[in-house]
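For reference, the structure is listed below as structure tokens.
The values are calculated or read from the model by the stated rules, or taken from the named source; none is laboratory data. What you are looking at is a predicted structure, and each value in this text was computed from that prediction instead of being measured. Because the Cβ atoms are built from the backbone with ideal geometry, glycine has one as well, and the counts that use them run over all protein chains shown. Side chains are part of the model used for accessible areas, which takes the heavy atoms of the whole protein and leaves out ligands, DNA and RNA. Shrake-Rupley method; radii C 1.70, N 1.55, O 1.52, S 1.80 Å.
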Amino acid sequence: MSIPNFIFLILLVHLLFASQPCHLILTSAADGRWQLLQTSIGISAMHMQLLRNDRVVIFDRTDFGKSNLSLPNGKCRNDLTEGALKVDCSAHSVEYDVSSNKFRALMVQTNVWCSSGAITPDGKLVQTGGFNDGERRVRVFSPCSGRDCDWQEIPNGLAARRWYATNHILPDGRLIIVGGRRQFNYEFSPKNIAANTFNLPFLLETNDKGEENNLYPFVFLNVDGNLFIFANNRAILLDYVKNKVVKTYPTIPGGDPRSYPSTGSAVLLPLKNLKMADLQAEVLVCGGAPKGSFAQALRGNFIRALKTCARITITDPNPKWIMETMPLARVMGDMILLPNGKVLLINGAGSGSAGWELGQNPVLSPVLYRPDKKIGSRFKTQNPTTIPRMYHSSATLLRDGRVLVGGSNPHAFYNFTSVLFPTELSLEAFSPAYLDSKFNDLRPKIITPKSMSGIRYNKRTNIQVVITGKVAENLVSATMLAPAFNTHSFSMNQRLLVLGNDKVTTCGNSAYNIEVTTPSTHNLAPPGFYLFFVVHQNIPSQGIWVKLR
């Protein structure tokens with residue numbers, strides 16, 4: 001090749017990447033590895049939930065038409081709703097076995113499109129609402145080892161139609177279901193005397209005409225037992241027992257919406273110093289789309305996504321939003337809490353809005369947010385995937401520390417050709433840098449207790465670990481993470497508690513005893529199953545399942 005031709009080639013490559021800024025993410029500081037697990041699971045992963053048996057329940061809407069996975073044993077669904085296949089013998093839900101990297105078809109009876117869910121204290125996935133025949137359904141999936149486990153459905157399990165609603169587990173083990181399209185109220189499951197809905201005017205006040213921007217509200221249990229509810233660009237603290245707003249938070253500076261369809265994401269940052277009387281809780285809201293983006297995208301004008309995050313201490317008497325700037329603008333991204341207390345921003349688009357064909361410029365690179373660093377140095381760009389994950393993608397943390405990623409269907413049906421972003425049926429895993437083999441000597445291995453052990457509130461607990469390298473005792477901690485229900489860029493019920501360590505004792509042969517105190521109240525940690533990790537110098541162990549009761 002001649003020198004002029006070589007120079008021309010170099011310039012052409014630079015021009016190509018410059019024209020696609022969301023793809024040029026690799027830097028020398030980038031971390032993380034991607035692994036393609038399945039080229040196709042037959043359905044697009046719109047909803048995702050990790051269960052206590054290390055299997056992930058995944059599901060799509062039921063009225064897309066025939067999927068690429070058949071139901072077993074000649075099973076078929078009868079669907080009388082308009083626009084759906086009247087007899088559908090294909091699956092719209094799967095159970096993915098993490099350890100074997102295999103999946104099997106499940107049979108969901110009614111339309112789960114844009115629904116919500118949570119894990120109950122007994123480990124069951126309780127899943128609520130959806131579209132058409134699914135809008136008032138409650139569905140239950142119980143973890144089991146057999147191949148006959150499948151969805152069970154409760155007709156009229158909800159008092160109101162729930163589409164784009166949010167669920168959260170309460171300290172008493174019930175679910176609260178908040179909002180949904182044209183539902184400015186909330187209700188509880190299971191039903192007791194309070195079988196009706198309860199008005200929540202805040203949801204009406206945050207409803208932008210023609211765009212909404214208040215669907216799938218971000219809901220978090222505060223440490224005082226009240227609920228932090230964020231919709232559009234602001235939030236309240238709700239006493240759901242008295243149906244009373246006890247605090248109103250300021251609007252995010254700039255006023256741009258962060259809720260569906262201007263879809264940002266949010267997390268309750270890790271709860272630390274759990275023994276302190278004045279325990280603090282912080283919420284981080286990242287990305288989204290400027291006001292009017294949905295309407296503009298319908299006209300073919302794809303406005304650049306928001307590049308900002310807003311962080312607030314929700315326990316503060318006089319709370320204020322602190323603004324930060326991300327390396328990449330992102331709408332429809334997911335925020336996943338990692339075992340070491342960092343936050344992973346993953347999936348999404350660089351412009352547009354949630355909705356059919358309304359997102360552009362896929363953001364292929366995750367970003368790591370390190371909440372304990374100084375503002376201005378908290379973000380770190382990670383290595384990119386090659387698969388766009390935009391509207392209707394999902395992500396969840398696995399027990400081994402990887403993040404499972406799937407989905408992306410920006411179309412009304414399964415479209416694999418003649419579209420800019422084809423329907424995506426694959427599953428990937430993102431391995432954060434803490435899984436690199438160079439950290440093996442720092443990585444704890446939990447010896448006891450074994451998985452599924454029960455733990456009590458406010459009790460001293462001993463964990464035995466092996467760490468082959470030199471141990472920094474002041475940098476050893478235990479964390480507990482509640483597995484989240486992920487859909488539409490929000491992980492419902494996601495919660496990480498940092499237990500720290502009360503004492504580290506050397507036992508010989510690279511073995512150590514870690515003494516920790518469990519959370520003291522149901523407000524800090526609702527009862528149920530958690531992933532329990534030991535973290536040493538920011539390198540987490542593989543998790544074990546524990547049941548807090």
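Listed values, structure above:
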| item | result |
| --- | --- |
| Nearest-10 value in Å² for the accessible area of Thr417, using the 1.4 Å probe | 100 Å² |
| Mean-position separation - Cα centroids, segment 475-523 and segment 436-454, in angstrom | 12 Å |
| Local electrostatic count at Asp88 - Lys and Arg +1, Asp and Glu -1, tallied over other residues with Cβ under 11 Å | +2 |
| Sequence-distant lysines (8 or more away, or on other chains) whose Cα lies within less than 23 Å of Lys102 | Lys66, Lys75, Lys124 |
| Stretch gain in nm, segment Arg33-Met452, where the contour uses 0.36 nm per residue and the Cα spacing is subtracted | 147.9 nm |
| Theoretical ellipticity at 222 nm over the chain - DSSP helices of four or more residues, -39500 (n - 2.57) apiece, nearest 500 | -1500 deg cm²/dmol |
| Segment 358-412: trypsin sites (Lys or Arg not before Pro) falling in loop per DSSP and having at most 14 other Cβ within 10 Å | Lys373, Lys374 |
| Solvent-accessible ranking of Ile229, Ile446, largest area first, probe 1.4 Å | Ile446, Ile229 |
| Simple spin-label estimate for Leu298 and Phe439 in nanometres, 7 Å along Cα-Cβ | 4.5 nm |
| Out-of-range pairs (alpha-carbon distance over 26 Å; input Lys191/Lys547; Lys247/Lys275; Lys191/Lys342; Lys272/Lys320) | Lys191/Lys342 |
| Coil-residue trypsin sites (Lys or Arg not before Pro) of segment 255-307, DSSP, other Cβ within 10 Å capped at 14 | Lys275, Arg299 |
| Coordinate range along principal axes, alpha carbons of segment 228-276, Å, largest first | 37, 28, 18 |
| Share of carbon and sulfur in the accessible heavy-atom surface of segment 441-548 [1.4 Å probe, %] | 47 percent |
| Separation of alpha-carbon centers, segment 368-406 and segment 37-107, rounded to whole Å | 25 Å |
| Net charge over other residues, Cβ less than 15 angstrom from the Cβ of Glu135 (K, R count +1; D, E count -1) | +2 |
| Inter-part distance where segment 281-360 and segment 225-268 are each reduced to a Cα centre, Å | 14 Å |
| Neighbourhood net charge (13 Å Cβ-Cβ; Lys/Arg +1, Asp/Glu -1) for Asp31 | +4 |
| For segment 225-349, accessible area per residue (1.4 Å probe, heavy atoms of protein chains only), Å² | 35 Å² |
| Exposure of Val87 as accessible area (Å², to 10), given a probe of 1.4 Å and all protein chains | 90 Å² |
| Point-to-point label distance, Cys76-Glu515, nm (Cα→Cβ direction, 7 Å offset) | 6.6 nm |
| Separation of the Val419 and Gln152 label points, Cα + 7 Å toward Cβ, nm | 3.6 nm |
| Ile252 accessible area, assembled protein chains, probe 1.4 Å, Å² | 0 Å² |
| Long-range amide H partners of Cys89 with built H, under 5 Å | Arg77 |
